[in-house]
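The values are calculated or read from the model by the stated rules, or taken from the named source; none is laboratory data. Being a predicted model, the structure only gives us computed values, none of them experimental. Backbone-built Cβ (ideal geometry, glycine too); neighbour counts: all protein chains shown. Ligands, DNA and RNA are stripped out before the accessible areas are found, and what is left, the full protein with its side chains, is counted by its heavy atoms. Shrake-Rupley method; radii C 1.70, N 1.55, O 1.52, S 1.80 Å.
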Amino acid sequence: MPAGHAAAGPEIALKDLADERWVAGYLDTACHRVVVTACRAAGFEPRIVARSNDFRVVLALVAAGQGVALVPGLAVDGVPDGVCLARPAGRRLARRVVGAVRAGGGGHPGVAALLETLREAAGHTLGASA
(Lines give C-alpha, C1' and ligand atoms only; values in the text may rest on other atoms or scores of the structure.)
Protein backbone atom coordinates (compact mmCIF):
# COMPACT_ATOMS: atom_id res chain seq x y z
CA MET A 1 0.00 0.00 0.00
CA PRO A 2 1.17 3.60 -0.36
CA ALA A 3 3.43 4.80 2.45
CA GLY A 4 1.41 6.59 5.09
CA HIS A 5 -1.75 4.60 4.34
CA ALA A 6 -4.16 4.61 7.29
CA ALA A 7 -4.09 0.78 7.47
CA ALA A 8 -0.27 0.52 7.31
CA GLY A 9 1.24 -2.08 9.61
CA PRO A 10 3.09 -5.38 9.49
CA GLU A 11 -0.11 -7.31 8.73
CA ILE A 12 -3.54 -6.40 7.36
CA ALA A 13 -6.85 -8.15 6.84
CA LEU A 14 -7.76 -7.91 3.17
CA LYS A 15 -11.36 -7.09 4.12
CA ASP A 16 -10.00 -3.81 5.52
CA LEU A 17 -8.97 -2.90 1.96
CA ALA A 18 -12.41 -3.58 0.43
CA ASP A 19 -13.02 0.10 -0.40
CA GLU A 20 -9.58 0.65 -1.92
CA ARG A 21 -8.60 0.94 -5.56
CA TRP A 22 -6.51 -2.07 -6.64
CA VAL A 23 -3.62 -2.65 -9.01
CA ALA A 24 -3.63 -6.19 -10.40
CA GLY A 25 -2.33 -8.30 -13.26
CA TYR A 26 -3.84 -8.44 -16.71
CA LEU A 27 -7.11 -10.36 -17.11
CA ASP A 28 -6.83 -14.15 -17.23
CA THR A 29 -3.32 -14.26 -15.76
CA ALA A 30 -2.13 -15.79 -12.51
CA CYS A 31 -1.37 -12.28 -11.19
CA HIS A 32 -5.00 -11.25 -11.74
CA ARG A 33 -6.49 -14.49 -10.40
CA VAL A 34 -4.54 -14.28 -7.11
CA VAL A 35 -5.91 -10.80 -6.37
CA VAL A 36 -9.49 -11.61 -7.33
CA THR A 37 -9.52 -14.96 -5.51
CA ALA A 38 -8.03 -13.51 -2.31
CA CYS A 39 -10.38 -10.53 -2.28
CA ARG A 40 -13.44 -12.68 -2.93
CA ALA A 41 -12.37 -15.00 -0.09
CA ALA A 42 -12.26 -11.87 2.11
CA GLY A 43 -15.83 -11.04 1.06
CA PHE A 44 -15.49 -8.37 -1.61
CA GLU A 45 -14.86 -7.78 -5.30
CA PRO A 46 -11.70 -5.70 -5.88
CA ARG A 47 -12.12 -2.43 -7.78
CA ILE A 48 -9.20 -2.83 -10.18
CA VAL A 49 -8.09 0.51 -11.64
CA ALA A 50 -4.72 -0.40 -13.18
CA ARG A 51 -3.13 -3.58 -14.54
CA SER A 52 0.40 -4.84 -15.05
CA ASN A 53 2.15 -8.18 -14.75
CA ASP A 54 5.44 -6.38 -14.08
CA PHE A 55 5.73 -6.09 -10.30
CA ARG A 56 8.08 -3.10 -10.59
CA VAL A 57 5.30 -1.27 -12.43
CA VAL A 58 2.73 -2.42 -9.87
CA LEU A 59 4.89 -1.10 -7.01
CA ALA A 60 5.47 2.19 -8.85
CA LEU A 61 1.70 2.61 -9.25
CA VAL A 62 1.20 1.87 -5.55
CA ALA A 63 3.94 4.38 -4.63
CA ALA A 64 2.17 6.96 -6.82
CA GLY A 65 -1.03 6.43 -4.80
CA GLN A 66 -2.97 4.75 -7.59
CA GLY A 67 -4.07 1.80 -5.43
CA VAL A 68 -3.08 -1.13 -3.28
CA ALA A 69 -1.76 -4.46 -4.56
CA LEU A 70 -0.81 -8.01 -3.67
CA VAL A 71 2.80 -8.69 -4.64
CA PRO A 72 4.73 -11.91 -3.97
CA GLY A 73 7.60 -11.65 -1.52
CA LEU A 74 10.04 -12.87 -4.15
CA ALA A 75 9.18 -9.82 -6.27
CA VAL A 76 10.14 -7.28 -3.60
CA ASP A 77 13.82 -6.50 -3.15
CA GLY A 78 13.72 -4.20 -0.15
CA VAL A 79 10.94 -1.70 0.42
CA PRO A 80 10.51 0.65 -2.55
CA ASP A 81 10.24 4.36 -1.72
CA GLY A 82 6.63 5.37 -1.25
CA VAL A 83 5.43 1.84 -0.46
CA CYS A 84 4.46 0.21 2.84
CA LEU A 85 4.60 -3.59 2.84
CA ALA A 86 2.18 -5.63 4.95
CA ARG A 87 1.45 -9.35 4.95
CA PRO A 88 -2.17 -10.37 4.39
CA ALA A 89 -3.60 -11.68 7.67
CA GLY A 90 -5.21 -15.08 7.89
CA ARG A 91 -4.90 -17.70 5.20
CA ARG A 92 -1.49 -17.69 3.57
CA LEU A 93 -1.58 -16.78 -0.11
CA ALA A 94 0.54 -19.02 -2.32
CA ARG A 95 1.43 -19.61 -5.92
CA ARG A 96 3.38 -22.30 -7.70
CA VAL A 97 6.64 -21.39 -9.41
CA VAL A 98 7.93 -24.01 -11.83
CA GLY A 99 11.30 -24.30 -13.55
CA ALA A 100 11.02 -26.17 -16.85
CA VAL A 101 14.16 -27.68 -18.35
CA ARG A 102 14.44 -29.51 -21.65
CA ALA A 103 15.30 -33.21 -21.45
CA GLY A 104 18.91 -33.69 -20.46
CA GLY A 105 19.44 -30.00 -19.69
CA GLY A 106 19.22 -30.26 -15.90
CA GLY A 107 22.82 -31.46 -15.67
CA HIS A 108 24.24 -28.31 -17.27
CA PRO A 109 26.09 -26.35 -14.52
CA GLY A 110 24.31 -23.06 -15.34
CA VAL A 111 20.86 -24.67 -15.33
CA ALA A 112 21.60 -26.58 -12.12
CA ALA A 113 22.82 -23.38 -10.43
CA LEU A 114 19.70 -21.47 -11.49
CA LEU A 115 17.37 -24.21 -10.24
CA GLU A 116 19.23 -24.35 -6.91
CA THR A 117 18.98 -20.57 -6.56
CA LEU A 118 15.22 -20.78 -7.17
CA ARG A 119 14.89 -23.53 -4.54
CA GLU A 120 16.87 -21.49 -2.01
CA ALA A 121 14.82 -18.34 -2.68
CA ALA A 122 11.55 -20.26 -2.34
CA GLY A 123 12.75 -21.98 0.83
CA HIS A 124 13.85 -18.68 2.35
CA THR A 125 10.49 -17.09 1.55
CA LEU A 126 8.56 -20.06 2.93
CA GLY A 127 10.66 -20.10 6.08
CA ALA A 128 10.24 -16.36 6.62
CA SER A 129 6.44 -16.53 6.48
CA ALA A 130 5.92 -19.71 8.49
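Structure above, values below:
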{"item": "Residue-span extension gain [Ala64 to Lys15] - 0.36 nm each, minus C-alpha spacing", "result": "15.4 nm"}
{"item": "Gain upon complete extension [Thr37, Ala121; 0.36 nm per residue less C-alpha separation]", "result": "27.8 nm"}
{"item": "For the chain: relative contact order, % (alpha-carbon pairs under 8 angstrom, 6 or more apart)", "result": "30"}
{"item": "Accessible area (Å², per residue) of the chain, counting only protein heavy atoms and a probe of 1.4 Å", "result": "64"}
{"item": "Linear extension gain, Leu74 paired with Leu114, 0.36 nm per residue minus alpha-carbon span", "result": "12.9 nm"}
{"item": "Carbon + sulfur, % of accessible area of the chain - ligands and nucleic acids excluded, 1.4 Å", "result": "55"}
{"item": "Where labels lie 7 Å past Cα in the beta-carbon direction, separation of Tyr26 and Asp54 in nm", "result": "1.2"}
